[in-house]
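The values are calculated or read from the model by the stated rules, or taken from the named source; none is laboratory data. Computed from a prediction, not measured in an experiment: that's the story for all the values here. We place every Cβ from the backbone using ideal geometry, glycine too, and count neighbours over all the protein chains shown. Just so you know, the surface numbers come from the protein's heavy atoms only, side chains and all, with ligands and any DNA or RNA stripped out. Shrake-Rupley method; radii C 1.70, N 1.55, O 1.52, S 1.80 Å.
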Amino acid sequence: MPEAQPLLRVENLVTRFKSVERSKWISAVDDVSITLAPGEMVGLVGESGCGKSTLGRTIVGLERPQSGRILLDGVDLSTLRGAELRRRRRAIQYVFQDPYASLNDRQTIGEAIAEALIIMGISDPAEQRRRIRTLLDQVGLPDALAERYPRELSGGQRQRVAIARSLAVEPRVLICDEPVSALDLSIRAQVMNLFLRLHKDLGVACLFIAHDLALVRQATSRTYVMYLGKIIEEATSAELYARPSHPYSKALLGSIPSADPRIEVTREPPEIFGDIPSPTNPPSGCRFRTRCPHAAEVCASAVPPLVALSPSHQAGCVLAEKFYAESAAQPLPHPAPAPRDIQTMHAR
Ligand SMILES: Nc1ncnc2c1ncn2[C@@H]1O[C@H](COP(=O)(O)OP(=O)(O)O)[C@@H](O)[C@H]1O
Ligand SMILES: [Mg+2]
């Protein structure tokens, strides 16, 4: 569980967009509260379109929230202006999903990183070269790459450069928005291991957004599950994957291929019916009720609050306690062993 004073605290955040017809609002992020402790690696999962990127983009200031607060070290960022705001914001960096879109093709890799260093007040060319070498080394790239252009690099190398550039401003939080999902399957684990190593070596806290649930399960200590703009369940990753207690999480997590063959035979993933409802016209009450096999009349009347199931687990469903108790009756699956490549890279 997060410490008393989290590094990052998001309170009741609401971010809306005007729909294409301009007549309706899309509540992409709807009353979301999350926390991140110093050095913590936290997952954020949910189907495409549920608002994960908008939440991340709002946290780093790429979208403007309608309401709610974002606090870093207990300081509400909306109360800051000018240089102080820029200085605080630098502590939170965003790693984009698409490594091809995040670099300027006319800049060498060295120039791209130097730009970030200049923001930090490092303008001496010799000092810049020294830092660039260190940063490239930290992300596992050879020094010689500084002279190259992005078009000469692979997707995995570009993502490493993007990470090096984020690190240049010495962030304390990285918002990693599906940072490996655009990469070839073969290099995903390598880049994932880079995140794990940076997290371990530099103590950078990460909000790790992903739809690859197997990756989140291995890499994070805690996970939030998001559905249609809302957090519907939160728990330590071990507990969430062993005892999902919201019908949506049960369906979502039930669909991951398990590393433990015993789990696959014992857990039947419930089906999620139909498509995500339109975010311009979400269902009343529980957002998931139109697709939920357990939906009852009560579910339409009010948004179910998150109820505490254990000190490190909460879920927003009127039946959460029942599902939680039922899962306790089953033997807990053993924690899945990390795949070998992740383990090997991790030790690097
Ligand atoms: N700039 C925007 N303008 C209008 N709608 C947007 C914008 N960005 C995102 N949305 C909408 O907000 C919802 C959440 O999107 P997003 O945060 O990208 O979800 P995710 O990252 O979980 O796939 C979607 O319905 C999406 O269409
Ligand atoms: Mg997204």
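Kirkwood Rh over alpha-carbon pairs of the chain, then Stokes-Einstein at 20 °C and 1.002 mPa s: what D in µm² s⁻¹, rounded to an integer? Intermediate values should be presented prior to the final figure.
Numbers: Rh = 21.3 Å.
Value of D from the Cα-based Kirkwood radius: 101 µm²/s.
Each label point is 7 Å from the Cα along the Cα-to-Cβ direction; what then is the distance between the points at K322 and S186, in nm?
5.0
Suppose the chain between R22 and E170 were pulled fully straight at 0.36 nm per residue; how much longer would it get relative to their current alpha carbon spacing? Please list the in-between numbers first.
Details: separation 148, 0.36 × 148 = 53.28 nm, distance 3.96 nm.
Gain in length upon complete extension: 49.3 nm.
Quick one: among T79, T280, T58, which has the greatest mean-square fluctuation in a GNM of the chain with alpha-carbon springs under 10 angstrom?
Of T79, T280, T58, the Gaussian network model singles out T79 as fluctuating most.
Cα axis of helix 109-119 to longest principal axis of the chain: angle in degrees, 0 to 90, nearest 10?
So the inclination is approximately 80 degrees.
Please compute the contact order of the chain in relative form: average sequence separation of alpha-carbon pairs under 8 Å and at least six residues apart, divided by the residue count, as a percent. Walk me through the numbers before you get to the answer.
Values: 628 pairs, mean separation 66.9, N = 348.
Rounded, it is 19 percent for the chain.
Using 0.36 nm per residue, how much length does the chain from V75 to R87 gain when fully extended, once their Cα-Cα distance is taken away? All intermediate terms of the calculation are to be shown ahead of the outcome.
Working: separation 12, 0.36 × 12 = 4.32 nm, distance 1.25 nm.
Taking 0.36 nm per residue and subtracting the Cα distance, the gain is 3.1 nm.
Rank these by accessible area, largest first, 1.4 Å probe: S23, S221.
Working: S23 85, S221 60 Å².
Ranked from most to least accessible, the order is S23, S221.
Using a 1.4 angstrom probe on heavy atoms only, work out the carbon and sulfur share of the accessible area of the chain in %. Let's see the in-between values first.
Numbers: 8440 of 16500 Å².
Here carbon and sulfur together make up 51 percent of the probe-accessible area.
Measure out, as a whole number of angstrom, how far apart the alpha-carbon centroids of region 197-237 and region 120-151 sit.
Between the Cα centre of region 197-237 and that of region 120-151, the gap is 29 Å.
Efficiency by 1/(1 + (r/R0)^6): what FRET value for S33 and A144, r their Cβ-Cβ distance, R0 = 35 Å, to the nearest 0.05?
Values: r = 46 Å, r/R0 = 1.31.
E(calc), rounded to 0.05, equals 0.15.
Report ³J(HN,Hα) in whole Hz for each residue of region 275-281, in order, from the Karplus equation J = 6.51 cos²θ - 1.76 cosθ + 1.60 where θ = phi - 60°; Gly and Pro get x.
9, 5, x, 5, x, 6, 9
Could you tell me whether region 13-84 comes out rounded, prolate or oblate from its Cα gyration tensor? Rule is a ≥ b ≥ c as square roots of the eigenvalues, rounded for a/c under 1.5, then prolate if a/b exceeds b/c, otherwise oblate.
Oblate is the answer for region 13-84, as a/c is 1.5 or above yet b/c matches or exceeds a/b.
By a straight-distance test (C-alpha under 12 Å), which aspartates and glutamates pair with K52 as possible cross-link partners, with residues fewer than eight away in the same chain excluded?
By straight Cα distance, K52 reaches D30, D177, E178.
Leaving ligands and nucleic acids out of the surface, order S327, S48 by accessible area at 1.4 Å, largest first. Present the calculation step by step, with values, prior to reporting the outcome.
On the way: S327 15, S48 105 Å².
Of S327, S48, the descending order of accessible area is S48, S327.
Tell me the mean residue ellipticity at 222 nm calculated for the chain from its helices only (DSSP H runs of n ≥ 4, each -39500 (n - 2.57), averaged over every residue, nearest 500).
On the way: 12 runs with 119 residues, N = 348.
Value at 222 nm, helices only: -10000 deg cm²/dmol.
Rounded, prolate or oblate: which fits region 55-213, taking a ≥ b ≥ c as square roots of the Cα gyration tensor eigenvalues, rounded meaning a/c under 1.5, else prolate when a/b beats b/c?
Numbers: a/c = 1.83, a/b = 1.24, b/c = 1.47.
In terms of gyration-tensor shape, oblate.
Counting heavy atoms of the protein chains only and a 1.4 Å probe, report the per residue accessible area for the chain as a whole number of Å².
Working: 16500 Å² over 348 residues.
Per residue, the chain has an accessible area of 47 Å².
Can you sort R133, R287 by solvent-accessible area, 1.4 Å probe, largest first? Spell out each step's value before the answer.
Working: R133 120, R287 30 Å².
From most exposed to least exposed: R133, R287.
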